[in-house]
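Here the structure comes first, spelled out in structure tokens, and everything after it is commentary.
The values are calculated or read from the model by the stated rules, or taken from the named source; none is laboratory data. Since this is a predicted model, take the numbers as computed values, not measurements. Ligands, DNA and RNA are excluded from the accessible area calculation, which covers all protein heavy atoms including side chains. Shrake-Rupley method; radii C 1.70, N 1.55, O 1.52, S 1.80 Å.
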Amino acid sequence: MTDLIDAEQLWLGACVGAQLLLVIFCVIHANTYRERALLLHAASTLMAVVAVQALVGNQPLLPAAALLLVPALAGLQLRDLVGRAPSLRRARGWLLGVSAGVLPLLAVGAVYSPWALAGGMALWLAVAAVLLVRAWRQGRPWIGWLPPGLAALAVAGLVVAADRPPYDVDDAVLLAGLLTVWAACTYLASSWRGRIQGETRARLQARKTVDPLTGLATPLVLAERILAARHMMRRYGHPSVVMVVDLENLPAIAAESGPEAAEAAVLAAASRVREALPGDGHVAARLTHARFGVLAEGVAPAEAAATVATRILAAGLKEPVPAAQAEYLRFRIVMAAVAGDDTAPKALLYKLNTRMDQELRAGSDRRIVTVPRDELLTAPAPLTP
């Protein structure tokens, strides 16, 4: 008999310890990945521990009340998990009303009547089930962990509602085991859903910062780096240069070898521009189909022309395009120093692109053109809507 009691107490301690461990995991995970749903799950799991401890301590009033606060907090978490789709708006509203309004009132009523616990759990499970059914398709595969967890929570509520104090150790062990199953299943669903959303956010962020065709940065990243370089220029006199690099002979490659060779030439041009940049302080972005923007930090225009720009020109002539063996990549570069004025990066790139178009129309032999600051100040800015 003593061995049986010791085994039950060991199992009870293991279940409570597992719940506390899940609370720690939820808090760490939530703070690391900014998942509010996991913080709510940590709160509801901690309330489940309070319910088990109240049952172990033979508190006649607290177990039912504490157990009703578990779905109250879990309902707020479930609202975060299923998202904000228009089709779920009404069900989410009902769940919020039951979780934040009805269940706290019934928790007070559970002190006086055991029917409050049973009625509150039944009402909450009905609303949660409706929400899960509507969110099932968009929530797969992570949502599959929620039904067994909610079933365990429902059985835990029935166990407490059907019993009367004083409670014995068997009731505490059963309640702790059911709540541990609920906490673990909900944690797995929340973590899986958080991972999926994290990967989605990473892809969206990559789409904003990385050009999908060439792997270079996007104009948005280049503009942010230009603003940072301007700040360094104003504060420390740290020079930087903005370049516009055009693949001048792309039309000839397309005419002679076809559009597939032209696409291969664009990819090769992007790769050679990236490889020609020395060090980690420079960034290259794709501006248009065959035109690239480069920010060279820590160099003045003369030094940039002698080093960075020359390396880019040499990289284009290093070897022919693989898809068009008779053609090399002939670059033309227009560049200007990053000044300390308030010219927007978009306006600066527009002026350099305009000057590049002029150089192409004129057919100049100069491959590297440095635009003085006076010309940039007098050049027309892009029209804004």
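Annotations
- Cα-derived Rg to Rh of the stretch 249-310, Kirkwood definition: 1.06
- Alpha-carbon centroids, the stretch 6-38 and the stretch 71-147: separation in whole Å: 22
- Dimensions in Å of the chain - Rg and Dmax from alpha carbons: 32.6, 100
- Computed over the stretch 278-381, the ratio Rg/Rh where both radii use C-alpha atoms and Rh is Kirkwood: 0.97
- Of the DSSP H helices in the chain, those with a Cα length along their own long axis of 15 Å or more and a mean Kyte-Doolittle hydropathy reaching -1.0 comprise 2-33, 36-56, 62-82, 115-139, 146-162, 169-209, 219-236, 259-276, 345-362.
- Straight-distance candidates among the aspartates and glutamates for linking to Lys351, with alpha-carbon spacing under 15 Å and chain neighbours fewer than 8 residues away dropped: Asp246, Asp341, Asp342, Glu359, Asp374, Glu375.
- Computed over protein heavy atoms with a 1.4 Å probe, the accessible surface of the chain works out to 50 Å² per residue.
- With contacts taken as Cα pairs under 8 Å at a separation of at least 6 residues, the stretch 84-239 carries a relative contact order of 18 percent.
- Taken as Cα centroids, the stretch 276-310 and the stretch 206-243 sit 10 Å apart, rounded to the nearest whole angstrom.
- With N counted as the residues of the stretch 111-210, its alpha-carbon radius of gyration over 2.2 N^0.38 Å works out to 1.44.
- Apportionment of accessible area to carbon and sulfur, the stretch 65-179, percent (1.4 Å): 69
- Relative contact order for the chain, counting Cα pairs under 8 Å that sit 6 or more residues apart, in percent: 13
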